[in-house]
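Presented below is the structure to which this report refers.
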Amino acid sequence: MLKTRIIPCLDVKDGRVVKGINFLDLIDAGDPVEQAKIYSEVGADEICFLDISASIEKRKTMINIVAKTAEHVFIPLTVGGGINEIEDIRALLKSGADKVSINTAAILNENLIKDSSQRFGSQCIVAAVDAKRHNNDWIVYSHGGTKNTGIKVFTWLEKLQQLGAGEILLTSMDRDGTKNGFDLELLKKSTDLLTIPVIASGGVGNLKHFEEGVTKGGASALLAASVFHFAEFSIKEVKKFLNDKKIPVRIN
C-alpha cells in the first residue's frame, strides 16, 4: 500500500504566506521560503506553493521565491498560480519546482493539461479544482475561487484525468479554513470516480480529520495550512497519529 503523503500548503500573496476562511479574510502567516525550509526539516512529504492572486491579477507566478526555496528544500515542491502556457511550466520546472498545479488556465484551455502532460510527463502535472456545493451538486470555481464556472465538479474531474493530469488537488471551498474537516462526501465521490491520486484539501482542524480523509474519503495525500502554520500540531504528530491508526506514512 502506498504511503499517505502529508503536504503543508503555503498560500502566497504579495510575497507572504497568508491564510483565511472560505478564501476570504486573509492574515499573514510568515515568509514562504523560511516556512518551506522548516516544513522540509520536520518531515513534510511535499510542499505546495499556491500564488493565490496571480490569476486574478493576470500575472505570472513567483519564480524568484520558487528558486530560493528549491535551494533549501529537498522534498518535492509543487507550485501553482498564474500558469497560462507551456513556457510558464518550463520556467517553473527549471527554477526548481518538481510539479506544477494548474487550475484556472486548464478551464480556459483544456489542451494545456494534455500538452503539458505529454511534454513533461503526467507526474509533473497536478490539476487543481476548487469546488463549492450548490444544492446537491458541486460546481468548479476559477480565478482563486472568485468565479463560478458553471462546470460540474465530477464531469470536470473525469475530463482532467482523460487529458492526462497526474493527480488532482481537490479543495472544498465550503470547508477551507473552517477546521470542520474535509468534505468527505465530495472527496469519496471523487476518489471512487478516478484512478489517479487525489490530494484532499480544505477543512482540517484536528488529527481525526486527517484519518477520515484516508479511511472515509480515500485520499492519497492530505493537505493542510493553518493548523501547521499556527502550530496547532506538528507534521510529526500527524504522522504518529496516522501510523498508530495503521495508515502507512513515511516516518523520518
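Details
- Using the Cα coordinates of the chain, the gyration tensor eigenvalues translate into equivalent-ellipsoid semi-axes of 23, 22, 18 Å, sorted from longest to shortest.
- Across the accessible surface of the chain, with the other protein chains kept in place and a 1.4 Å probe, carbon and sulfur atoms take up 50 percent.
- Between the stretch 62-85 and the stretch 205-252, the Cα center-to-center distance that results, in Å: 24
- Between Leu2 and Lys152, the contour length at 0.36 nm per residue exceeds the Cα-Cα span by 51.0 nm.
- For the stretch 120-252, the fraction of alpha-carbon pairs in successive 5 Å shells from zero, as %: 2, 10, 21, 22, 20, 14, 8, 3, 0
- Partners of Lys245 within straight-line reach, counting aspartates and glutamates whose Cα lies under 17 Å from its Cα and excluding those fewer than 8 residues away in the same chain: Glu211, Glu212, Glu237.
- Applying a threshold of 25 Å to the alpha-carbon distances of Lys68/Lys159; Lys179/Lys216; Lys94/Lys240; Lys188/Lys246 flags Lys68/Lys159; Lys94/Lys240 as lying beyond it.
- Surface accessible to a 1.4 Å probe, per residue, for the residues of the chain, Å²: 44
- Per-selection Rg to Rh, the stretch 98-172 - Cα, Kirkwood hydrodynamic radius: 0.97
- Between the stretch 121-178 and the stretch 98-112, the alpha-carbon center distance in angstrom: 11
- Chain lengthening between Glu41 and Asn135 when straightened (0.36 nm per residue, less Cα-Cα): 29.6 nm
- The calculated Kirkwood hydrodynamic radius for the stretch 166-231 is 11.4 Å, given to one decimal from all distinct C-alpha pairs.
- Largest to smallest in accessible area, the residues Ile151, Ile86 fall in the order Ile151, Ile86 (1.4 Å probe, all protein chains included).
The values are calculated or read from the model by the stated rules, or taken from the named source; none is laboratory data. Since the model is a prediction, treat every value here as computed from it, not as a measurement. These area figures cover heavy atoms from the full protein model, side chains too; ligands, DNA and RNA do not enter into them. Shrake-Rupley method; radii C 1.70, N 1.55, O 1.52, S 1.80 Å.
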